[in-house]
1. So which trypsin sites (Lys or Arg not before Pro) in segment A:329-372 pass both tests, a DSSP loop state and at most 11 other Cβ atoms within 10 Å of the Cβ?
2. Quick one: what are the phi-derived ³J(HN,Hα) couplings along segment B:301-313, Karplus 6.51/-1.76/1.60 with θ = phi - 60°, whole Hz, x for glycine and proline?
3. Let me know the whole percent of all Cα-Cα pairs from segment B:47-181 that are separated by more than 28 Å.
4. Pull up all non-local amide H partners of B:L260: gap of 5 or more, or a different chain, and H-to-H distance under 5 Å with H placed in the peptide plane.
5. Non-local amide H neighbours of B:R200 (under 5 Å, H modeled in plane, Pro and chain starts lacking H): which ones?
6. Under 10 °C and 1.306 mPa s, how fast does segment A:55-362 diffuse according to Stokes-Einstein, given a Kirkwood radius computed over C-alpha pairs? Answer in µm²/s, whole number.
7. Give, as ranges by residue number, the residues of segment B:262-276 whose backbone N falls under 20 Å from the point 7 Å along Cα→Cβ of B:D166.
8. Based on DSSP, what percent of beta bridges with both residues in segment A:55-362 are antiparallel, to the nearest 5?
Amino acid sequence: MKIHIANGRLIDPAHEIDQQRDLFIASGKIVGIGSAPDGFTATRRIDASGKIVCPGLVDLAARLREPGFEYLATLESEMEAAMAGGVTSLAIPPDTDPPLDEPGLVEMLCYRAKKLNRAHVYPVGALTLRLEGKRLSEMAELVDAGCVAFSQANTPIVDTQVLFCALQYAATFGYRVWLQPIAPRFGHEGVAHDGEVATRLGLPGIPTAAETIALFTYIELARLTGAKLHITRLSSAEGLALVRAAKAEGLDITCDVSINHLHLSEMDIGYFNAHCRLNPPLRSLRDRDALQAALANGDIDALCSNHSPIDDDAKQVPFSEAEPGATGIELLLPLALKWGQGHKLSLLETLRRVTINPARIIGSKAGQLSLGARADICIFDAEGETTVTRERLRSQGKNTPFLGLNLPGKVCYTVVEGKVMYAEP
Amino acid sequence: MHNPQLNAHGELQHLLSLDGLPRDILTAILDTAEPFTEVAEREIKKLPILRGKSIFNLFFENSTRTRTTFEIAAKRLSADVINLNVATSSTNKGETLLDTVDNLCAMQADMFVVRHASSGAPYLIAEHLHTTKRHDIHVINAGDGRHAHPTQGLLDMYTIRHYKQDFTKLVIAIVGDVLHSRVARSQIAALTTLGVPEVRVIGPKTLMPTDLDKLGVRVFHDMREGLRDVDVVMMLRLQNERMNGPLLPSGQEFFKVWGLTPEKLAVARPDAIVMHPGPMNRGVEIDSAVADGSQAVILPQVTFGIAVRMAVMSMLGSN
């Protein structure tokens, strides 16, 4: 199929492009930007007048729940959600069941995803076997199978010696290790930010220091080992300050924040709203404001959905018993736009945080529009609106604190490798 | 944000927490309780206010004392009381909390008295009743996790008002394990709402939750400083399992530093009253000489508790 995307406002942060240009696609690749290659005859023309044409979004954390948790979601349901959200590249955390700790599993996941022919998946392998924090996984084998990095997901390594060795080993090959800053034995029984709201509601707290203590350790080990780190899901101003200082020191460290922590705080827990039971916990308004500012000034590199579909049964229980997490892949673009508007950023700068920046962290060529590149495109109406309702969410998980809200932006088309995989109904 | 405790007319729909409850409702409950104290002194201790109503005591956590006082209160109002010890029944067979509630609703329940080990569980039930449009069913929180124990807080307010009349002239100290105490949270909410100018909490740092001062209290760690010139001392229970471990070295040391003895009580005002939500650990948080002394009002608290619970049930039944 040859597609001509006409009259759109093309925004490609990777090349600092923001102007009206047509896009020409053939054989799954971008073959023309601005002008058609010789002899190009479109089989499909998409009129993108008044719309934004940008690279398909890149999400650094999308739990598709396969293998192991198919009752919560399947590749099919979550890929549909990704398509509806304009997200064409997904990094998959290793906390499946069994975890992504052996090449066969990773190959199977990649194979299943490829067969569905929707978003591209980038598995993040388990840093240790079964995520138990004891034995290293076969990192080189896992990379051959398709892993782009290694992580412990939400399960911190208790034994610092093992973490040190894991970072050393990863550094041997130059693999980036993605770590969520969670102290393994501090605040681990908590369910909400240790502050006024938790005190008022009688919820066991997770102190900010649970994040900073972990970061002190990670950063010191990165210094010692030379490992490349990606710090996932920052939640606090104090944690942010440590990462900022480590970057300034010259360590190779990147970091991200989730859509939930960018927009919400402990106040949103209200009267025990289990949709706000998240890992890490929602922290104070001051923390949220610091995260917003840091994403704007570049201290935080990327925005991710931290997509975690969970069924109603696991959320319709008392707050502290609820499973942490929120669905979010369909909200990545609208919540990026909402944040960008609030900070008066250009669309180009806003989109940078969900396209080229996360793509670079993955080490992928995704997230940009260049001649010969894979034609992964999102076309959206920046003036449109996305209303978040259970009925409209395609994800099998309906668990999001943003239910009922009208958010800016509406995805019109999602193109993956030159095929239109989603068109606005 | 809508307050799930109040109905569209601003009346009490459920009693879930004293935090966020307006002062006039708190006062109305105490006023309503006043005549109910006399019912116990009658030959026939019964009023027909809730005749034909079914009240389910839904206890997901073991309790004898609180459950019994709710049962007595309901029976004195002529309600039918059904006790469900859910801690040992259906939820152990895998039934969810809300399935249990749906089943009891199908049995035409009018009121649930809920105790649960998790903070917020009664809110979940109230929210569920709201979304399933069963607005005629009321929920009373009989203690949820560390969050709230509103009827205990109310009976404490009743007791203070009984002995001290005017809340706006009092200095009150709450002593002990505030971190894990739903009673303390309800007391703090009620005392600050009722206009007590100085609420103090006293205890070791390990038993004080973060940002406690933001709840409108002054935090003390030294008993003699904290008790100086107070009008009311409210002791908290220290759970056995918290006495030896990372929070406290031993019950003995706790008693030595924070146990209420006649010597420590001597720095309070001479007419200070001493309260305790029970059951007491004599020799851990309170010395027997104080517990049995002339300043203790611990048994009247229990008596008032029944009247206060009658008041709450009768108000909910009429809203």
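1. A:K344
2. Running phi through 6.51 cos²θ - 1.76 cosθ + 1.60 with θ = phi - 60° gives 3, 5, 4, 4, x, 5, 4, 5, 5, 4, 4, 4, 5 Hz.
3. 24
4. Placed amide hydrogens put B:I286, B:D287 under 5 Å from B:L260.
5. B:I172, B:A173, B:I174, B:R218
6. Once the numbers are plugged in, D ends up at 83 µm²/s.
7. B:269-273
8. 5
The values are calculated or read from the model by the stated rules, or taken from the named source; none is laboratory data. It should be emphasised that the depicted structure is a prediction, and the values quoted were computed from it without experimental measurement. Here the Cβ is made from the backbone with ideal geometry for all residues, glycine too, and neighbour counts use every protein chain on show. Each accessible area value is taken on the protein alone, full model and side chains, heavy atoms only, with ligands, DNA and RNA left out. Shrake-Rupley method; radii C 1.70, N 1.55, O 1.52, S 1.80 Å.
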